[in-house]
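Read the structure below first, then the notes.
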Amino acid sequence: MPKFAANLTMMFNEKPFLDRFEAAAKAGFKYVEYLWPYDYPAEELKAKLDQFGLKQVLFNTAAGDVSKGEWGLAAIPEREADARRDIDQALAYALALNCPTVHIMAGVVPEGADREAYKKTFIENILYAADKFKAQGINICLEALSPEVKPGYFLKSQYDTLEIVDLINKNNVFVQLDYFHAQNVDGNLARLTDKLKGKFSHVQIASVPDRHEPDEGEINYQFIFNKLDEMGYEGYIGCEYKPRGETNAGLEWFQAYK
């Protein structure tokens, strides 16, 4: 049975962020994820999780200066100190929130830049993170973002991400398999899922092309959920989608999984 996590950055956004924990619990979710926790003290977030019986299962390292086009720093040459500061910050939050997995954001490669330099920097920073996180029993995920969503992002294909995971070769570094991005770039999701078996430890979903609830669009998510069950996937499935309207009104698809 899939373990669905409400993405509180995108879902229940009719409410202020701190009120979304209660909304998710009332809707039947037991797990939550979101992009970033850093606007709030970890103790305040942990209190919300405890109050409503929720488990935090994923969040990201900091994005950097979004106004300047940054979307993570771990692959950016000459920003290693900043990237490792963000990695250390994420680890502290993960420990405080009892969160098993952190997505480390790579960053955007400017047009014409030396991609190999970015790759080398990214691998070195992930190796740094892997050892620190391993000592605390926490996994790391790396995620590909489709160019339609984030042009120039260092990882755009699931196979780009798989290559880095294989090169790093640490048993706590995995692919974050987002089927929305995967369908936009790679397609053939059944075969892709088979090829990534054992290499991914977190899944995210949204419809294609509009990134809404998983009960519309071109992906047959019932097939995907069954396939994940059949292959023995025991991780979480993050609902990283933009509701078509009010969040609860679009949760009919979720009723069978409560």
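The values are calculated or read from the model by the stated rules, or taken from the named source; none is laboratory data. Note that this is a predicted model, so its numbers are computed, not measured. When we count neighbours, we look across all protein chains shown, and the Cβ atoms used for this are built from the backbone with ideal geometry, even at glycine. Remember, those area values only see protein heavy atoms, side chains included, never the ligands or the DNA or RNA. Shrake-Rupley method; radii C 1.70, N 1.55, O 1.52, S 1.80 Å.
Taking the stated definitions as given, is LEU167 open to solvent by 10 Å² or more (accessible area, probe 1.4 Å), in a helix (DSSP H, G or I) and among the aliphatic types (A, V, I, L, M)? Break it down into steps so the answer makes sense when it comes.
Numbers: open to solvent by 10 Å² or more (accessible area, probe 1.4 Å): yes; in a helix (DSSP H, G or I): yes; among the aliphatic types (A, V, I, L, M): yes.
In short, yes.
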> Checking ALA25 against (1) over 21 Å from GLY250 (Cβ atoms); (2) open to solvent by 20 Å² or more (accessible area, probe 1.4 Å); (3) not in a loop (DSSP other than H, G, I, E, B), which single condition isn't satisfied?
Replying inline: (1)
> What are the pairs, 6+ residues apart or on separate chains, where a residue within segment 34-63 that is under 28 Å from ASN125 (Cβ atoms) has its Cβ under 6 Å from a residue that is charged (D, E, K, R) and buried (at least 21 other Cβ atoms within 10 Å of the Cβ)?
Replying inline: VAL57/GLU33; LEU58/GLU33; THR61/ASP86; ALA62/ASP86
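Give ILE140, ILE123 a once-over and let me know the one that is of a type in the set (Val, Ile, Thr) and either over 25 Å from ALA81 (Cβ atoms) or assigned to a helix (DSSP H, G or I) (or both). Working first, answer last.
Numbers: ILE140 fails: either over 25 Å from ALA81 (Cβ atoms) or assigned to a helix (DSSP H, G or I) (or both).
Within the list ILE140, ILE123, the selection yields ILE123.
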> Can you tell me which residues in segment 28-50 are surrounded by fewer than 19 Cβ atoms within 10 Å (Cβ to Cβ), touching a Leu at 6+ places or on another chain (Cβ under 6 Å) and either at pLDDT below 95 or assigned to a loop (DSSP other than H, G, I, E, B) (or both)?
Replying inline: none
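PHE254 - would you say it is buried (at least 21 other Cβ atoms within 10 Å of the Cβ), out of contact with any Asp or Glu (no Cβ under 6 Å at 6 or more places or on another chain) and either aromatic (Phe, Trp, Tyr) or over 26 Å from LYS30 (Cβ atoms) (or both)? Before you say what the answer is, go through the steps one by one.
Numbers: buried (at least 21 other Cβ atoms within 10 Å of the Cβ): no; out of contact with any Asp or Glu (no Cβ under 6 Å at 6 or more places or on another chain): yes; either aromatic (Phe, Trp, Tyr) or over 26 Å from LYS30 (Cβ atoms) (or both): yes.
Criteria not met by PHE254.
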>> Residues that are out of contact with any Asp or Glu (no Cβ under 7 Å at 6 or more places or on another chain), at pLDDT 95 or above, assigned to a helix (DSSP H, G or I) and surrounded by fewer than 21 Cβ atoms within 10 Å (Cβ to Cβ): does segment 194-212 have at least one?
In response: yes
> How many of the residues in segment 213-242 are farther than 23 Å from LEU58 by Cβ and either open to solvent by less than 40 Å² (accessible area, probe 1.4 Å) or touching a strand residue (DSSP E or B) at 6+ places or on another chain (Cβ under 7 Å) (or both)?
Replying inline: 0
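Any chance segment 6-21 includes a residue that's under 19 Å from the mean Cα position of the chain (by Cα), modelled with pLDDT under 95 and open to solvent by less than 40 Å² (accessible area, probe 1.4 Å)? Break it down stepwise before answering.
Start the filter on segment 6-21 by keeping residues that are under 19 Å from the mean Cα position of the chain (by Cα), which leaves 6-13, 17, 20-21.
Filter once more, keeping what is modelled with pLDDT under 95: none.
No, every residue in segment 6-21 fails to be under 19 Å from the mean Cα position of the chain (by Cα), modelled with pLDDT under 95 and open to solvent by less than 40 Å² (accessible area, probe 1.4 Å).
Looking at segment 84-97, can you tell me whether even one residue there is polar (S, T, N, Q) and assigned to a loop (DSSP other than H, G, I, E, B)? Step through it out loud before you land on a result.
From segment 84-97, those polar (S, T, N, Q) are 89; that's our starting set.
Keeping just the survivors that are assigned to a loop (DSSP other than H, G, I, E, B) gives none.
Checked against the condition, which is being polar (S, T, N, Q) and assigned to a loop (DSSP other than H, G, I, E, B), segment 84-97 yields no hits at all.
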> Checking GLY245 against (1) surrounded by fewer than 20 Cβ atoms within 10 Å (Cβ to Cβ); (2) within 24 Å of GLU14 (Cβ to Cβ); (3) under 16 Å from the mean Cα position of the chain (by Cα), which test does it fail?
Replying inline: (3)
> Quick one: what pairs do we get from segment 92-104, first residue closer than 10 Å to ALA42 by Cβ, second of a type in the set (A, V, I, L, M, F, W, C) and assigned to a helix (DSSP H, G or I), C-beta under 7 Å, 6+ apart or different chains?
Replying inline: TYR93/ALA42; ALA96/ALA42; LEU97/ALA42; LEU97/LEU45; LEU97/LEU49
